[in-house]
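To start, the structure itself, in structure tokens.
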Amino acid sequence: MIHRMFFFALASLLALSASLHAQPLKNPQTIRLFREVIAKPSESIVRVRSADKDAALGVIVSADGWILSKHSELQGGKITCKLRDGRELDAEIFGYDTPFDLVMLKIDAKELTPIVWTESKVSRVGHFVASPGDGVDPIAIGVVSVNTREVKGAKLTPTVTGGGYLGIALDIEFAGVKIQEVLPGTPAQKSGLKNDDQILSVNGQEVQNSDEFLAVVSKGKPGDNVDLKFIRNEKEQELKITLGTRPGQKGGKSRGDVQNSMGSKLSDRRTGFPTILQHDSVLKPNDCGGPLVNLDGKVLGINIARAGRTESYAIPSEAIRPLLERLKVKNLEPKKNENKLKV
């Protein structure tokens, strides 16, 4: 338990709340206060690299080398995990869950230190939270801004970042990339794409699931051409589509683009999560996949997306823990739910 004087020091920081919220925290005194909070959970964090780049953080969930991380950031190439002791080990992808954007990695290591979970409900709106990284200092500090909540299908309108727009909704119950709906008046409809088309590749790059597809398409801008290979009625076909402008964009910039210029870069995959815990810490996209902890250093959930200038999302621990064992199964089918992703 953190010492009473620590809480007193934190309370004194509330006077600075206007400068804390939605901005990278740089106050050395505050950072020192939170070192004790993150000291223990930091032992369970790895840096995940994909294609020789820092892609995400990962958390050790069992002593024999199982690592949980953010799936959509791991796009091709060799995957490695750098441990706290400096070792960098090859990692193999096992199960993944598209709705929650989680992936289970396996490394050849023993006697690791797993994270300690707690229910997200123990921290309420206004409570301080910290995000440990792969160093001694927290990578972000903030407060809970919205308690854990379920996002019902009827209220969910997922999108991905990136200027280009196709105008399709993906069926995320499907193991590959399948169009659930072609939206009217969009580039997808004008090009001839149809419901139930199964997309195989984008610009010659094979895509095996929704996350991989979103990662490729989100790099495009309005006016860019995209070559799609897909299956319709058991026959392979190809189409060239010119990306349009996402509804709500003006002057070539979306609200998300404006937010990017005001704060940290937003995550490419930042919506479509069935359950989220929202906080105002400023995270980098490649620092997602790591834990969000309370003042006792217990893990409330896994940071999954930088969603807006004042919003970061974590998947709460109570949604993650039931998934852990089945994520250890190779080639796991995505968890079924009614949501669909619009691109």
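Per-structure values
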read-out	value
Cα shape, the range 38-137, gyration tensor, a/c 1.5 rule	prolate
Derived scalar couplings ³J(HN,Hα) [the range 300-317; Karplus, 6.51 cos²θ - 1.76 cosθ + 1.60; whole Hz; x for Gly, Pro]	7, x, 10, 4, 10, 6, 8, 9, x, 4, 10, 9, 10, 10, 10, 7, x, 4
The range 163-245, dipole about Cα centre (Lys/Arg Cβ +1, Asp/Glu Cβ -1), debye to the nearest 20	360 debye
Gyration tensor (alpha-carbon) shape descriptor, the range 163-245, a/c threshold 1.5	rounded
Under 5 Å, built H, 5+ apart or other chain: amide partners of E43	none
5 angstrom amide H check on D224, placed H, neighbours 5+ away	L243
Peptides ranked, highest mean first, by Cβ atoms within 10 Å: ranges 288-300, 227-239, 184-196	288-300, 184-196, 227-239
Mean separation of Cα contacts under 8 Å, 6 or more apart, over the residue count of the range 163-245: relative contact order %	33 percent
Gain in span if fully extended, E325 to D64, counting 0.36 nm per residue against the direct Cα distance	92.6 nm
Label-to-label distance, nm, for residues given as E181 and K53 (7 Å Cα→Cβ offset)	3.2 nm
Whole-Hz ³J(HN,Hα) from phi, Karplus 6.51 cos²θ - 1.76 cosθ + 1.60, for the range 289-295, glycine and proline x	x, x, x, 10, 10, 8, 6
For the range 41-52, 3J(HN,Hα) per residue [Karplus equation, 6.51 cos²θ - 1.76 cosθ + 1.60, θ = phi - 60°, Hz, x = Gly/Pro]	x, 4, 5, 10, 10, 10, 9, 9, 10, 10, 6, 6
Placed amide H near L200: partners under 5 Å, 5+ positions off or other chain	K229, F230, I231
Of V182, I241, L193, farthest towards positive along the dipole that unit charges on Lys, Arg, Asp, Glu beta carbons give the range 163-245	I241
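Every read-out reported here was derived from the displayed coordinates using simple, explicitly stated rules and does not represent laboratory data. All values derive from a computational prediction rather than experimental measurement. Backbone-built Cβ (ideal geometry, glycine too); neighbour counts: all protein chains shown.
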